[in-house]
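Report on the following structure.
The values are calculated or read from the model by the stated rules, or taken from the named source; none is laboratory data. Please read all numbers here as calculations on a predicted model, not as lab measurements. Don't worry about glycine lacking a Cβ; one is built from the backbone with ideal geometry, like all the others, and counts go over all protein chains shown.
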Amino acid sequence: MKKKIGLGVVLGLFLSQTLFFGAVTLTDLRLPKDFSPSQSSYAKIVTVRENAQYPGFLTFSVTSPHGSYRVQGLTNLRKCLREIDVIERLNARESTGGGIANGAVDSIKDTGTGLKNLVVHPVDSVSGIGKGVGKLGGKIGGVFRKKEEGEKGDSFLSSTKRQLAKELGVDVYSRNLQLQEKLDSTAKARMGGRGIVAVATFFMPVGLFTSAVMTVSTINNAADRLVNDSDRVDLYTLNQKALLGLGFPKEKVARFLNHPYYTPREITYFRFYLEKLKRVQGFEALLDAALAAVTEIPADKILHETQIAADSVGDAPRAMKLALIPEGIVFSNEDKVALITAYDFLDHSALGNRVTETVISFRKTLGKRSAEIWNGGAVTSGFGGVTLLKGIQVQRMCLFESTGLQAAL
């Protein structure tokens, strides 16, 4: 999965690079081929901008037939594009009168507590505008305090909705109100016996949405199975037991399980990452960092960096340590140090220079033979070339590579 820059072209790439942060294009990002539904023409990315408050993170403006979105971050963009594709395919199927529309009953607007428990307030970093899109990616607090409607009165609705979301490759806890409406109406149609269809196999290929929720991480896939098979309350109990078993104080566990910037699925991911990292010295600091995140971008950043770290450790316990710094996670073993970051984009800028100098400093201080930078997002060729000249190898798109970082350390 490593994207290394050959020495023969380093200087040419560096000298020819004219890209400045703030003028990023989709071409610059060099997104993986499976980043979004390859056959979808529903979504259009109109603009790409650097986030003024958080250098290294990007804001995307996306349009679709049912409305417009403003999405923060590559990972959220990936989810948004997948969800738009599902919504529009469902809309197209309904417009032809093909089964789903015939069986659909009340939408989520009429389900009362179901909507209230799913979405209670917006956030400023990700929002939906236009024809009733509502909020995409917004987080809520106290998500486990009440069961959703289907779990209170009809367990079949809850389980049917989770199964439907799984088949479509989307998150049943998504904050996209249009998607929630489609999931609810279609799940009710299945339950009511009117227009009952196997949606994923009926009109869209299952493979299109494989690992669509977040990444292709093996750890995430295991966590997804737990989320898909458990309702909110059971999920809360299972995650609570696991975190307490790792030695975290009850008060911290309770705060984390009701974190205002993580969905139930993301909390489950984080719990799995911590279990994988439990033999790494200093792993407890990761939960503290998650609890300290007071806005969505820092919360996403530590979540994704923890995932990269968990993906890298393999199964054999070794003498590994980690430390948290503003730029990311410093991860080391006997002879190597890696700086794990989750920026959307790194180029030869002030941020890129700081990241490079930081890992060089840790290599010297810790006395390690080699050093690397693992970034969750894109890296320009010029940045990769400059760091290689300084003896630092760069790995890009760690969150989107199918091979992961297994046993990288």
Item to check | Scan of segment 33-51 for residues that are hydrophobic (A, V, I, L, M, F, W, C), touching a strand residue (DSSP E or B) at 6+ places or on another chain (Cβ under 9 Å) and surrounded by fewer than 19 Cβ atoms within 10 Å (Cβ to Cβ), ordered by number | outcome: I45, V46
Checklist outcome for this item: Checked segment 372-394 for anything of a type in the set (S, T, N, Q) and within 21 Å of the chain's Cα centre (by Cα); matches are N375
Item to check | Subset of segment 71-92 (residues that are among the hydrophobic types (A, V, I, L, M, F, W, C) and either under 15 Å from L31 (Cβ atoms) or not assigned by TED's automatic domain parsing to the domain that holds Y54 (or both)) | outcome: V71, L74, L77, C80, L81
Checklist outcome for this item: Checked segment 156-176 for anything in contact with a Phe, Trp or Tyr (Cβ under 9 Å, 6 or more places away or on another chain) and crowded, with 21+ Cβ neighbours inside 10 Å; matches are A165, L168, G169, V170, N176
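Hey, could you check segment 29-58 for residues that are β-branched (V, I, T) and touching a residue at least 24 places away in the same chain (Cβ under 8 Å) and say which is farthest from P326 (Cα to Cα)?
My answer is I45.
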Checklist entry - Does segment 385-399 include one or more residues that are modelled with pLDDT of 90 or more, at negative phi, part of a helix (DSSP H, G or I) and surrounded by 21 or more Cβ atoms within 10 Å (Cβ to Cβ)? => result yes
Checklist outcome for this item: Filtering segment 68-95 down to residues that are in contact with a strand residue (DSSP E or B) (Cβ under 6 Å, 6 or more places away or on another chain) and not in a helix (DSSP H, G or I) yields S68, Y69, R70, V71, Q72
